[in-house]
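Readers should treat all values here as calculations from the given coordinates under stated rules, not as data from a laboratory. Just so it is clear, the model here is predicted, and its values are computed rather than measured. Note: ideal-geometry Cβ built from the backbone for every residue, glycine included; neighbour counts use all protein chains shown.
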Amino acid sequence: MADAEEESDEDFVDNVFRFKKPLELFEEREIVRICAPMVRYSKFADGIDLNCGCPQRWAMQEGYGAKLIRTPELIKDIVRQTVSRVPGIPMSIKIRIHDDARKTVQLCQQAEKAGVAWITVHGRTTRQRGEPANWDTIRLIKESLSIPVVANGDIKSESDVRNVHEQTGVNGVMAARGMLNNPAMYAGYDSTPLQCVADWVDVALSLGTPFTSFHHHLMYMLEKVTTKADRRVFSDLKSTAAVLDYLNKHYDI
């Protein structure tokens, strides 16, 4: 992932970002701020995805994530400028929906014309959290585009994958929280098997994964296979050694 906060040096920006038509100064700065990291690190990637779907407050305040869907013209220009500079690499975007489905469709159509290879749609607005994902809007978007559309939101099982495909006709699905809770979901498991937990422990230890991340992922994985009281105990563990001791004692891992 390329972070738009990471400043590009002046030579890189001057050499890569020469605009064919005059742009408003603010617009030009925004395009460079967001595009430069994607272009710079594209040589290490097989694809570029612009996240216009993150609703977290810090991202919105900085003008990233779902804040971008309020400025569809900026998204279009970012896509066009990026695609023109890395023509051999597909670019996609992920968005959240507007309250007005027509605005979302128009945004997606503009992005398609600008050159995105596919669009992932999270079926909630920036304000929504636990409400059901709006698959009707995703279906409308799919019917309005000629490029692949990927559905996101409320994908927690293989049956959810089948249901969203049947209801929307999308080309694929993206799971986020569902995969955090159960990384073996696509292998047909309803909850995380202990072998998956053991595999994560092995991988994390071999890579020197920081404790916070190591512990955080285990909390997700064990949510459905532990009691509420046990989850509180596990949440309070403060070291890798304590986690390993707990897993060995309770699950023989």
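Brief remarks follow.
- Highest-first packing order for the peptide set 179-190, 74-85 is 74-85, 179-190, based on the mean count of other beta carbon atoms within 10 Å.
- Among the listed pairs K67/K113; K43/K142; K94/K156; K156/K228; K43/K103; K113/K156, those whose Cα-Cα separation exceeds 29 Å are K43/K142; K43/K103; K113/K156.
- Taking a point 7 Å out from the Cα of T240 in the direction of its Cβ, the residues of segment 187-207 whose backbone N falls within less than 18 Å of it are 197-207.
- Electrostatic dipole magnitude of the chain [Cβ: Lys, Arg +1; Asp, Glu -1; Cα centre; debye, to 20]: 620
- Fewest-first ranking of S239, S157, using other Cβ atoms within 10 Å as the exposure measure: S239, S157
- For segment 180-226, fraction of C-alpha pairs farther apart than 18 Å, in %: 23
- Using bins of 5 Å that start at zero, the share of Cα-Cα pairs per bin across segment 102-239 amounts to 2, 9, 16, 16, 15, 13, 11, 9, 6, 2, 0, in whole %.
- Per the Debye calculation on segment 34-112 with a single equal scatterer at every Cα and no solvent contribution, log₁₀ I(q)/I(0) for q = 0.14, 0.16, 0.19, 0.25 Å⁻¹ amounts to -0.45, -0.58, -0.80, -1.22.
- Computed extension length for K43-A198: 52.4 nm, one decimal, from 0.36 nm per residue of separation with the Cα-Cα distance subtracted.
- For segment 81-163: span of alpha carbons on each principal axis (Å, largest first): 38, 29, 22
- Reported to the nearest whole Å, the Cα centre-to-centre distance from segment 48-81 to segment 162-188 is 24.
- Computed packing ranks the peptides 47-58, 108-119 as 108-119, 47-58, most packed first, by mean other Cβ atoms within 10 Å.
- Cα-based equivalent ellipsoid of the chain: semi-axis lengths in Å, sorted from largest, via gyration tensor: 37, 24, 16
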